[in-house]
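Please read the structure below before turning to the comments.
The values are calculated or read from the model by the stated rules, or taken from the named source; none is laboratory data. Predicted, not measured: the structure shown is a model, and the values here were computed from it. Don't worry about glycine lacking a Cβ; one is built from the backbone with ideal geometry, like all the others, and counts go over all protein chains shown.
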Amino acid sequence: MYSPLIVAEALLNGLMLGAVYALIALGLTLIYGVLHIVNFAHGALLTVAMFGVWLLAEHLGVDPYLSILVMAPAMFALGYAAQRFVIGPASHGSDNSILLVTLGLSIIIENGLLAGFRSDTRTIDTDYAFQVVELGPLLLSFPRVVGLFVALLSALVLWAILERTDVGRAIRAVAKEKLGAALVGIEVPHVYAVTFALGCACLAVAAALLMPVFYVSPTTGGAFVLVAFTIVVLGGMGSIVGALVGGLLIGVVEAACSLFFGDSLGQIGIFVIFILVLLFRPTGLFGARQ
């Protein structure tokens, strides 16, 4: 048996990693809540953001955390362009077509990254990657502490955008009633593109938080988006609060499973929860009952 101190450290570090998972899931659930589709390109776009952070660090010496200032606007612009000029026009307004277009976009991005970067993994060496923060007798990973605070701050900024700005009110109007929003003068395609762009900006922040402690390869995003999808289902499709709470919970569950069953089985608890939620509460913890 592990000592209570070791268990507490593992669970707290898992909680902090869960905040970054939640940030990835926030982008996914935001897109679902407005466009009412699952974005199959989410993982590939996360990989693009992670490679962007790596390139900035490798060739320009930009610290991964500072790269947020560059990557968030860049991914916002990429997401807007992808939705407005590729996904929207190619889908012709059909939800089924949107799913296929995002799946095709994911395949194109992944193979483009394979062609450009090969299958090798890339990492960023930082002075603080293995630093710890002392919290009484507990030793917490410094990058994960930063990840917790930045992820929570990003979630707060996203909430403020949705609740306190005209753009946010337009997004909520389109999410609730697309036709009614269009009748009062809201440009629905523009709102769709902005929503998709906000989801991509969340990925940029998450990528910057992950790179000091994780590697990137052309297929890395797929693993994270599987966890993010579980979080979205757990919290409730389209629920911002659900994504945040679900991410924190999943981080703790993964840490506990890794501690007691080994790293190779660290994610078994995540998918057990996924199945249980689908069986007993398919709308999720914060989803509306049908």
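Values as computed for the structure displayed
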{"read-out": "Index of the failed condition, F280 passing every other in (1) of a type in the set (F, W, Y); (2) over 19 Å from V38 (Cα atoms); (3) under 15 Å from the mean Cα position of the chain (by Cα)", "value": "(3)"}
{"read-out": "Which numbered condition V48 fails, given (1) out of contact with any strand residue (DSSP E or B) (no Cβ under 8 Å at 6 or more places or on another chain); (2) modelled with pLDDT under 95", "value": "(2)"}
{"read-out": "Among the residues listed as A197, A207, A223, A228, the single one being within 24 Å of S119 (Cα to Cα) and at pLDDT 95 or above", "value": "A207"}
{"read-out": "Residue in the range 121-135 that is surrounded by the most Cβ atoms within 10 Å (Cβ to Cβ), counting only those that are touching a residue at least 60 places away in the same chain (Cβ under 8 Å) and part of a loop (DSSP other than H, G, I, E, B)", "value": "I124"}
{"read-out": "Yes/no for G199 being under 23 Å from G43 (Cα atoms) and in contact with a Gly (Cβ under 6 Å, 6 or more places away or on another chain)", "value": "yes"}
{"read-out": "Qualifying residue in the range 176-188 (condition: in contact (Cβ under 8 Å) with a residue 24 or more places away in the chain and of a type outside the set (D, E))", "value": "no"}
{"read-out": "Condition met for T195 (polar (S, T, N, Q) and under 30 Å from S94 (Cβ atoms))", "value": "yes"}
{"read-out": "Qualifying residue in the range 77-93 (condition: surrounded by 15 or more Cβ atoms within 10 Å (Cβ to Cβ) and among the aromatic types (F, W, Y))", "value": "yes"}
{"read-out": "Residues that are free of Cβ contacts under 8 Å to residues at least 40 places away in the same chain and either exposed (fewer than 13 other Cβ atoms within 10 Å of the Cβ) or under 20 Å from the mean Cα position of the chain (by Cα) (or both), drawn from the range 136-164", "value": "G136, F149, L153, L156, V157, A160, I161, E163, R164"}
{"read-out": "Total residues in the range 188-220, condition hydroxyl-bearing (S, T, Y), closer than 24 Å to H36 by Cβ and surrounded by fewer than 24 Cβ atoms within 10 Å (Cβ to Cβ)", "value": "1"}
{"read-out": "Helices (runs of 4 or more DSSP H) fully within the range 1-92 counting 1 or more residues that are touching a residue at least 40 places away in the same chain (Cβ under 8 Å) and touching an Asp or Glu at 6+ places or on another chain (Cβ under 9 Å)", "value": "4-35, 42-60"}
{"read-out": "Selection count, the range 25-35, where residues are at pLDDT 90 or above and out of contact with any His (no Cβ under 8 Å at 6 or more places or on another chain)", "value": "4"}
{"read-out": "All positions within the range 119-139 that are at pLDDT 90 or above, under 24 Å from L226 (Cβ atoms) and not polar (S, T, N, Q)", "value": "R122, I124"}
